[in-house]
Amino acid sequence: MSIIRSLGLKSGRLTQLTIGSKAHGKASAKMIGRSKRARSRIVTLVSCVIAGNLLIAGKLVYFGMEPDDETSSIPPVHVVASRPDIIDRNGELLATDLRMVSLYAEPNRVVDVDDAVDKLIQVFPDLDRRATYRKLANARSRFTWLERQITPKQESEVLALGIPAVGFRPEVKRFYPEGRTAAHVVGYVDIDNHGKAGMERYLDSQGLSDLAMTGLTATDALKPVKLSIDLRVQNIVHDVVEDALARYKGQSAGAVVLNVHTGEVVAMVSDPDFDPNDPQASGGDGWLNRMSDGTFEMGSTFKTFSMAMAFDLGAVKATDKFDASAPLHYGRYTIHDDHDVPRRWLTVPEIFRYSSNIGTAKMMDTVGMENQQAYLTRFGLLTKMDTELPEVKMPSQPKVWKKINSITISFGHGVATTPLQTAVAGAAMINGGKLIEPTFLPRTQAEASEIAKTVVKPSTSDIMRSLFKLNGQEGSGVPAQVPGFQVGGKTGTANKVINGVYSHKLSFNAFLGAFPIDHPDYVVLSFIDQPLTGEHGLTFATSTAAPMVKQIVSRAAPLLGVEPQFSDNLLVGF
């Protein structure tokens with residue numbers, strides 16, 4: 001107590017100080033606890049932020065290093081596969097590339113699928129809503145096409161919509177300024193600019209597609225590809241064929257103009273056809289190129305080759321006569337002539353002029369079946385034609401040749417060939433006897449001579465030209481005659497096989513002609529399949545196919561530089 005007193009403190013005051021000191025200690029402890037908890041929370045928060053940032057950074061690194069499987073097959077934006085222009089022999093444009101853009105989306109980045117689809121429908125009303133929704137709703141997808149090769153106006157309208165994750169990619173669209181005019185020759189490409197038919201497909205087969213795969217860009221200059229086609233003549237042939245198909249009410253029609261010295265195809269048309277700018281819209285039946293990829297029994301045009309082989313073998317002379325006064329009987333088969341063929345002995349020129357089946361069959365007896373097969377093979381009529389055009393069909397023939405086959409084939413029944421290869425064989429008959437495979441690319445006469453194959457003697461060719469001219473002046477070829485241009489040729493009216501039986505109403509009509517026949521430069525072959533009418537209401541080749549050739553020659557000959565002559569002298573007397 002003395003000590004307490006000496007300090008001047010009362011015992012009550014001491015008690016208060018003691019109690020106050022205890023209270024202050026408790027407060028301090030609370031503050032220290034709160035401080036520790038605050039620091040712990042801060043540490044936890046900072047740790048979470050750091051962990052979140054690390055997670056985001058990790059994801060970014062992961063996405064950056066992950067291979068993009070969805071776009072691995074899509075070429076880089078700066079690479080656009082190009083094709084060379086295609087031009088005719090005079091430099092006129094037949095096919096070229098146009099720079100376009102296509103619309104794509106990145107579905108994994110689309111924010112509002114419904115909104116995006118609604119906006120796209122405004123610009124593309126024909127867009128498949130369900131299919132587009134499925135594409136955009138696939139969050140795992142990083143690339144999908146929405147519309148290919150859109151117009152600049154559509155591109156501007158899509159930009160104005162401001163749809164997230166939608167962009168444009170440069171592409172190439174093939175454009176054919178002449179449309180249907182040379183569709184089967186030029187061909188067409190698919191949406192990815194790959195050749196699908198005609199010379200477009202041929203270009204790919206020659207290495208163009210390989211160049212595109214190596215990264216051929218749009219800035220690379222490609223030399224135009226020149227064809228043998230003359231666009232002026234091509235237009236004429238297209239007009240004539242299209243008009244004939246409508247006028248004669250046929251199922252199909254076609255024609256070709258062929259240079260007999262070089263084998264160059266100057267013009268070729270098959271109708272129905274298609275628009276290469278939109279082949280899907282007009283394709284179907286029009287995709288078939290009947291000139292080179294369709295086979296037909298060519299009828300009496302085959303008598304040209306039957307007579308040529310008989311002359312070439314020396315089995316028949318132009319002055320010989322054959323009895324055509326009565327039908328021929330081979331087993332259960334009977335060979336007749338048409339009603340307008342004289343029922344008497346006929347000379348060889350008369351057999352050709354009147355197109356006598358009986359006379360031709362008797363001539364073939366002197367040739368023999370083996371020689372017949374050998375010559376038809378030599379003419380290229382039993383084998384697949386070799387040319388640049390991919391669409392070429394193999395001819396058909398009997399698996400086993402019998403006597404009756406040999407007889408009917410002599411006048412054009414039993415073997416089916418393409419009209420183009422018939423024209424090529426016909427050219428060999430009148431150009432001096434040289435078979436020259438056809439080409440759709442420019443070829444000089446010297447180059448043609450290097451690949452030409454002799455099929456008949458020059459003297460045989462002389463006789464065949466005379467027969468062609470005779471028929472053009474006095475026979476079934478008169479409707480094809482053009483004053484001054486001396487068109488000669490041979491008609492062919494082949495009965496169509498319907499359900500395994502030859503029809504007496506439906507026929508395949510063709511005319512194999514050449515001009516000017518004294519010194520031929522060009523062969524013209526026309527055909528019309530199953531015409532229901534013709535000139536003067538008749539449906540024979542002389543009333544349908546022959547007039548087609550007349551129209552083609554009268555309009556095209558001056559453009560081809562053929563000078564008219566008015567001599568009526570025959571090359572060879574009979």
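Numerical summary
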item: Potential lengthening between Tyr133 and Ile191 on full extension [0.36 nm per residue; Cα-Cα distance subtracted]; result: 18.6 nm
item: Across Lys384/Lys453; Lys223/Lys393; Lys153/Lys173, pairs whose alpha-carbon gap is larger than 22 Å; result: Lys223/Lys393
item: Phi-based couplings in Hz for region 147-156 (Karplus 6.51, -1.76, 1.60; Gly and Pro marked x); result: 8, 9, 6, 8, 7, x, 5, 5, 4, 5
item: Charge-dipole axis of region 227-279 as Lys and Arg at +1 and Asp and Glu at -1 on Cβ define it, positive-most pick from Val265, Asn235, Tyr248; result: Tyr248
item: Cα-Cα over 22 Å, subset of Lys403/Lys490; Lys505/Lys550; Lys303/Lys402; result: Lys403/Lys490; Lys505/Lys550
item: Fraction in percent of alpha-carbon pairs per bin - 5 Å, region 86-226; result: 2, 9, 16, 17, 14, 12, 12, 10, 6, 2, 0, 0
item: Under 14 Å from Lys457, Cα to Cα: aspartates and glutamates that are on another chain or at least 8 residues apart; result: Asp312
item: Cα centre as origin, Lys/Arg/Asp/Glu Cβ charges: region 100-156 dipole, Debye; result: 260
item: Calculated FRET efficiency for the pair His536/Asp239, C-beta based, R₀ 25 Å, to 0.05; result: 0.65
item: Reach of Lys496 by Cα under 15 Å, taken over aspartates and glutamates that are not fewer than 8 positions away in the same chain; result: Glu297, Asp529
item: Distance in nm between pseudo-label sites at Asp275 and Arg148 (7 Å out along the Cβ direction from Cα); result: 1.8
item: Protection proxy ranking, peptides 450-460, 406-416, average beta carbon neighbours within 10 Å, highest first; result: 406-416, 450-460
item: Label point 7 Å beyond Cα of Ile451 along Cβ direction - residues of region 265-292 with amide nitrogen under 20 Å; result: 265-269, 291-292
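Laboratory data are not the source of any read-out in this text; all were calculated from the coordinates shown. Keep in mind the model is a prediction, meaning the values are calculated, not measured. Using ideal geometry, Cβ is built from the backbone for each residue, glycine included, and neighbour counts are taken over all protein chains shown.
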